[in-house]
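The values are calculated or read from the model by the stated rules, or taken from the named source; none is laboratory data. Quantities reported herein were computed from a predicted structural model and do not represent experimental measurements. Cβ coordinates were reconstructed from backbone atoms using ideal geometry, including for glycine residues, and neighbour counts include every protein chain displayed. Accessible surface areas use protein heavy atoms only, side chains included; no ligands, DNA or RNA. Shrake-Rupley method; radii C 1.70, N 1.55, O 1.52, S 1.80 Å.
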Amino acid sequence: MKTPCVAACKNNDGICGGCHRTMDEIIKWREMSSSDRDAVMNALSGIESTHQCPSCNKPAVCDISLGKETCWCFSVEKRDTSSLETHSSCLCRKCLSALPCA
Ligand SMILES: [Zn+2]
């Protein structure tokens, strides 16, 4: 089975510090279809993106923009985004997980 796991999995308040999957995605990984897994892998690697991260300008994905009902960030502990100047669009997984929890 394909997995983006880099054997550095660490639960960083809901998101893995190694592969940046949410704990939700890690738990459901085994039962996800291979196309669902590909979609997550493409989002992690920046192949698929909906916008640029307002913090690092790297590709970022908002699942809501992709037409889903929930976004991956809903399953992550809420972060304190007050240090950001503008918060117009979602941060990428890396930047969001680097913020302290709200
Ligand atoms: Zn970022």
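Scanning region 49-68 for residues that are among the small types (G, A, S) and more than 17 Å from H20 (Cβ to Cβ), we see that the one that is least open to solvent (accessible area, probe 1.4 Å) is G67. Yes or no: K58 within 13 Å of the ligand (Cβ to nearest atom), charged (D, E, K, R) and touching a Lys or Arg at 6+ places or on another chain (Cβ under 8 Å)? Yes; evaluated as a whole, the condition is true for this residue.
So, in region 76-86, of the ones that are open to solvent by 50 Å² or more (accessible area, probe 1.4 Å) and not charged (D, E, K, R), which residue ends up modelled with the lowest pLDDT? Break it down into steps so the answer makes sense when it comes.
Start the filter on region 76-86 by keeping residues that are open to solvent by 50 Å² or more (accessible area, probe 1.4 Å), which leaves 77-78, 80, 82-83, 85-86.
Now restrict to residues that are not charged (D, E, K, R): 82-83, 86.
Values: S82: 85, S83: 80, T86: 66.
Only one residue fits best here, namely T86.
Only a single criterion out of (1) within 16 Å of the ligand (Cβ to nearest atom); (2) in contact (Cβ under 8 Å) with a residue 60 or more places away in the chain is not satisfied by D13, namely (1). Within region 75-102, the set of residues being within 13 Å of the ligand (Cβ to nearest atom) and outside any loop (DSSP other than H, G, I, E, B) comprises R79, R93, K94, C95, L96, S97, A98.
Scanning region 1-34 for residues that are assigned to a helix (DSSP H, G or I), open to solvent by less than 50 Å² (accessible area, probe 1.4 Å) and out of contact with any strand residue (DSSP E or B) (no Cβ under 9 Å at 6 or more places or on another chain) returns a single hit, W29.
In a residue-by-residue description of region 35-44, the property of being in contact with a helix residue (DSSP H, G or I) (Cβ under 8 Å, 6 or more places away or on another chain), free of Cβ contacts under 8 Å to residues at least 24 places away in the same chain, not in a loop (DSSP other than H, G, I, E, B) and not hydrophobic (A, V, I, L, M, F, W, C) applies to no position.
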